[in-house]
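Following: one structure in structure tokens, then a few remarks.
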Amino acid sequence: MRPDEAETLAVEALAWIAGEDGLMEVFLGSAGLEVADLRARAGDPDFLGAVLDFLLVSDAHVTGFCDSRGLPYEAPIRARQALPGGAVPDWT
């Protein structure tokens, strides 16, 4: 996945999080952010990686987001890998 595609998917994930009852508050609290921070950072690839990190913590979040967008369940992890800090470590 190209970085620009990953950023688009992460913005869509942020919109999905915002639309889920109470989930935005959990995201903001876990990230130590205020709503105003979202506007300022929505285009930052590092921030978008954090959005995907939050989404990927829960299988229910991944399936809910992917089902709502008609995406394969591996799309968020592929997007995360395309953003800064998302490289999969090679343990060999």
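Scanning segment 6-18 for residues that are in contact (Cβ under 8 Å) with a residue 24 or more places away in the chain, farther than 18 Å from L83 by Cα, surrounded by 11 or more Cβ atoms within 10 Å (Cβ to Cβ) and not hydroxyl-bearing (S, T, Y) turns up at least one hit.
Mind checking which helices (runs of 4 or more DSSP H) fall wholly inside the chain and carry at least 2 residues that are of a type in the set (D, E) and within 14 Å of the chain's Cα centre (by Cα)?
Working: elements: 3-19, 23-31, 35-41, 45-56, 59-69, 75-82.
Counting at least 2 such residues, we get 3-19, 45-56.
Before we move on, is A82 surrounded by 13 or more Cβ atoms within 10 Å (Cβ to Cβ), among the small types (G, A, S), in contact (Cβ under 8 Å) with a residue 40 or more places away in the chain and touching a Leu at 6+ places or on another chain (Cβ under 7 Å)? No; evaluated as a whole, the condition is false for this residue.
Here Y73 clears all of (1) loosely packed, with under 11 Cβ neighbours inside 10 Å; (2) touching a Cys at 6+ places or on another chain (Cβ under 8 Å) except the condition numbered (1).
Values quoted throughout were computed directly from the atomic coordinates according to the rules given, and no laboratory measurement underlies them. Just so we're clear, the structure is a prediction, and the values are computed from it rather than from any experiment. Here Cβ is always computed from backbone atoms with ideal geometry, including for glycine, and neighbour counts include all displayed protein chains.
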